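One structure below.
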Amino acid sequence: ETGVTQSPTHLIKTRGQQVTLRCSSQSGHNTVSWYQQALGQGPQFIFQYYREEENGRGNFPPRFSGLQFPNYSSELNVNALELDDSALYLCASSLQGAHNEQFFGPGTRLTVL
Amino acid sequence: GENVEQHPSTLSVQEGDSAVIKCTYSDSASNYFPWYKQELGKRPQLIIDIRSNVGEKKDQRIAVTLNKTAKHFSLHITETQPEDSAVYFCAASIQAAGNKLTFGGGTRVLVKP
């Protein structure tokens, strides 16, 4: 059984650019949730993907979008980057319908200059 | 939507003493309350969770209590050790709605040897 992995580890972009972050879910998990963690704060829910469909969204603008693939891995895309998008982006995988414990990946640290 | 408040934001204890972190939530439909530990530069890790049909749960030196009427829950760490030093986050969610977590702001715990 493998844990949740994310790539890349770190990323530096400039304002206005676009970024794609990737997440591989834990073996056997079918749901991926994405969170944004600003420095010194708790993670904030961005959205969740289940069976390749968005299954709920937090208070984030449409320039945050995502995908889930048949193997349950997922991507987070952010367009028109803003300075405030600088944060640690965490994905968490879980098994829908079971105890639903979420297991987090190591995160991608995004810096927007 | 759900709002989770967490107190205190920082907590300094002497090794061997107890630490208590308190959280309140706003949505009475929330029924799942996990606690995560996040060490510096690492992913959040689930340390204990409680569901709304249970008032208390214990796992070795950590315990969580839930008061559904008052909408608050607490984490208790006994016999603290230096390796307990980390940031702790409480969270709340509705399991039937996909378990999208709303996190508190975190408590930085420092255990002094």
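Could you tally up the Lys pairs in the protein assembly as shown with alpha carbons closer than 20 Å? Skip any pair fewer than 8 positions apart unless they're on separate chains.
Taking the Cα cut-off of 20 Å, the pair count is 15.
Compute, for A:C23, the solvent-accessible surface of its heavy atoms (probe 1.4 Å) with the complete set of protein chains present, and express it in square angstrom to the nearest 10.
0 Å²
Under a point-charge model restricted to the Cβ atoms of Lys and Arg (+1) and Asp and Glu (-1), what is the dipole moment magnitude of chain B relative to its Cα centre, in debye to the nearest 20?
For this selection, approximately 220 debye.
What is the mean number of Cβ atoms from other protein chains located within 10 Å of the Cβ atom of each residue in peptide A:100-108, rounded to a whole number?
Counting Cβ atoms of other protein chains within 10 Å of each residue's Cβ and averaging gives 5.
Taking the Cα centre of chain A as origin, work out the dipole magnitude from +1 charges on Lys and Arg Cβ and -1 charges on Asp and Glu Cβ, in debye rounded to 20.
260 debye
Shape of the range A:42-102 from its Cα gyration tensor (a ≥ b ≥ c, root eigenvalues): rounded if a/c is under 1.5, otherwise prolate when a/b > b/c, or oblate?
Prolate.
Hey, what do the phi angles of the range A:76-90 turn into as Karplus ³J(HN,Hα) couplings, whole Hz, using 6.51/-1.76/1.60 and θ = phi - 60°, x for Gly and Pro?
10, 10, 10, 9, 6, 3, 10, 4, 5, 6, 4, 5, 8, 9, 10
Carbon and sulfur: what percent of the range A:52-113's accessible surface (1.4 Å probe)?
Heavy-atom surface of the range A:52-113 belonging to carbon and sulfur, 1.4 Å probe: 52 percent.
What are the ³J(HN,Hα) values, in whole Hz, obtained from phi via the Karplus relation 6.51 cos²θ - 1.76 cosθ + 1.60 with θ = phi - 60°, for each residue of the range B:2-16 in sequence order, with x given for Gly and Pro?
After applying 6.51 cos²θ - 1.76 cosθ + 1.60, I find 5, 9, 10, 10, 10, 9, x, 7, 9, 8, 10, 10, 7, 3, x Hz.
Counting residues in the protein assembly as shown as N, plug N into 2.2 N^0.38 Å and put the Cα Rg over that result.
1.01
In Å², what does the accessible area per residue of the range B:39-92 work out to with a 1.4 Å probe?
Ligands and nucleic acids excluded, the figure is 54 Å² per residue.
What GluC sites (Glu not before Pro) in the range A:1-86 are in a loop by DSSP, with at most 14 other Cβ atoms within 10 Å of the Cβ?
Those satisfying the criteria are A:E1, A:E52, A:E82.
Return the value, in Å² to the nearest 100, of accessible area buried between chains A and B (probe 1.4 Å, both sides summed).
1500 Å²
Roughly how many debye, to the nearest 20, is the charge dipole of the protein assembly as shown about its Cα centre, given +1 on each Lys and Arg Cβ, -1 on each Asp and Glu Cβ, and no other charges?
With only Lys, Arg, Asp and Glu charged at Cβ, the dipole is about 180 debye.
So for the pair A:E101, B:Q45, with labels modelled 7 Å out along Cα→Cβ, what separation do we get in nm?
Each label point is offset 7 Å from its Cα along the Cβ direction, giving 1.2 nm.
Anyone know which of B:Q14, B:Q60, B:Q38 comes out most mobile in the 10 Å Cα GNM of chain B?
Of B:Q14, B:Q60, B:Q38, the most mobile in the Gaussian network model is B:Q60.
Provide the percentage of antiparallel DSSP beta bridges, counting only those with both residues in the protein assembly as shown; round to the nearest 5.
Percentage antiparallel, nearest 5: 90.
What does the C-alpha gyration tensor say about the overall shape of chain A? Classify as rounded when a/c is under 1.5, otherwise prolate if a/b is larger than b/c, or oblate.
Because a/c hits 1.5 or more and a/b exceeds b/c, chain A counts as prolate.
Per the Kirkwood treatment, what hydrodynamic radius in Å, one decimal, follows for the range B:17-113 from the mean inverse distance over all distinct Cα pairs?
Result for the range B:17-113 stands at 13.7 Å.
In a shell of Cβ-Cβ distance under 14 Å around B:D27, excluding B:D27 itself, what net charge do Lys and Arg (+1) and Asp and Glu (-1) give?
For residues surrounding B:D27, the net value is +1.
On a C-alpha basis, how far is the centre of the range B:1-52 from the centre of the range A:54-69 in Å? Whole number, if you could?
Taking the Cα centre of each part, the range B:1-52 and the range A:54-69 sit 26 Å apart.
The values are calculated or read from the model by the stated rules, or taken from the named source; none is laboratory data. Every value quoted in this text rests on a predicted model; they were computed, and no experiment measured them. Note that we place each Cβ from the backbone using ideal geometry, even for glycine, and neighbour counts take in every protein chain shown. Side chains included, ligands, DNA and RNA excluded: accessible areas come from the protein's heavy atoms. Shrake-Rupley method; radii C 1.70, N 1.55, O 1.52, S 1.80 Å.
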